[in-house]
């Protein structure tokens, strides 16, 4: 996924969230349930999300 096409974790629907590396249906659902996010530290509070996964997600996703 190109940088200019990053997916916003606060606004994307479940189908778009699943395009983020490391996110399947379950993790995408967790992202939806724990919105909104102010920064990447907020994502660490989502069950199953650790520093390694978040680092991978940053390639495809953004938080605005």
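Could you figure out which of (1) without any contact (Cβ under 8 Å) to a residue 24 or more places away in the chain; (2) surrounded by fewer than 15 Cβ atoms within 10 Å (Cβ to Cβ) isn't true of residue 11?
Checking residue 11 against (1) without any contact (Cβ under 8 Å) to a residue 24 or more places away in the chain; (2) surrounded by fewer than 15 Cβ atoms within 10 Å (Cβ to Cβ), the one that fails is (1).
Quick check: anything in region 4-20 over 10 Å from the mean Cα position of the chain (by Cα) and modelled with pLDDT under 95?
Within region 4-20 (the criterion being over 10 Å from the mean Cα position of the chain (by Cα) and modelled with pLDDT under 95), the answer is yes, since at least one residue qualifies.
Which pairs do you get when a residue that is under 19 Å from residue 4 (Cα atoms), found in region 36-60, comes within reach of a residue that is at pLDDT below 95 and surrounded by fewer than 16 Cβ atoms within 10 Å (Cβ to Cβ), reach meaning Cβ atoms under 6 angstrom, with the pair 6+ apart or on two chains?
The qualifying pairs are 60/1.
Which count do you get for residues in region 33-57 that are surrounded by 15 or more Cβ atoms within 10 Å (Cβ to Cβ) and either more than 18 Å from residue 11 (Cα to Cα) or in contact with a helix residue (DSSP H, G or I) (Cβ under 7 Å, 6 or more places away or on another chain) (or both)?
7
The values are calculated or read from the model by the stated rules, or taken from the named source; none is laboratory data. Because the structure is a prediction, the values reported are computed rather than measured. Heads up, the Cβs are rebuilt from the backbone with ideal geometry, glycines too, and the neighbour counts pull from every protein chain shown.
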